[in-house]
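In what follows, a single structure is set out as structure tokens and then discussed.
All of the numbers you see were taken from the coordinates with simple rules; none came from a lab. None of these values were measured; they are calculated from a predicted model. Heads up, the Cβs are rebuilt from the backbone with ideal geometry, glycines too, and the neighbour counts pull from every protein chain shown.
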């Protein structure tokens, strides 16, 4: 098993803090024999951000910086909470050219364990390995969630896939999916699929019913005993919605993220967290803005459903 693992993340100034937290959890929870080669592709970041990244070396693992321009992507509109910096994911294999395989991680995650098993997935001729999008579990699409991907970097470089992805992304126009939809189109979904434990999104699991467990196990080829079991055994927790743990205090999965925040270079930097009433107001305001009064009623109904769903899961911390 290969224990020297190249790991790549992308950040701009707006995302440097959670990226540092993600890397902190990655380093703290690795196996003693694992050696990570960590690269951050920095999208036009400030000197302050570079300085914070350098502090990560105090954890015993060097983090290498790659400065990148966003000039190729400025004509693509940023939507929702997703920065155009994430489009540099198309260029990862070119920007880190010395490896045949690269493990890509989004910055809004925590890593609870070692990633050697994931990295040593046999890709064969597949473009990448990833976790199937849970979405509507009754309709398996074969799409992957692009937040955690093991790239067949050699094949991607050889076929100059980054250029094709730029073309396809521009053809899609303005949309909230900045990069994920493009990957699923351009690769033809030629993926190796891995267990949901490598990209677990707790809100998606909470929304499921216990009766969905059979479908989930069929989708991922797993044998989890309960929805809670999925969350408990996850190796990577992915905060893939707008409900980020550095924004809202009340989410049950926020406390675990905060533990790594307090180990990170940002541990002495205070940030303002918002409570449940601020969250509810934000949701209600967004619903009214987008759909009028009908949107407000939809938000209220959705909250009642979530409250029922949450009864099926303990508030893990």
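If you wrap the Cα atoms of region 4-265 in a convex hull and average its projected area over all directions, you get 13.4 nm². Label positions at residue 214 and residue 140, each projected 7 Å from the Cα along the C-beta direction, are separated by 1.5 nm.
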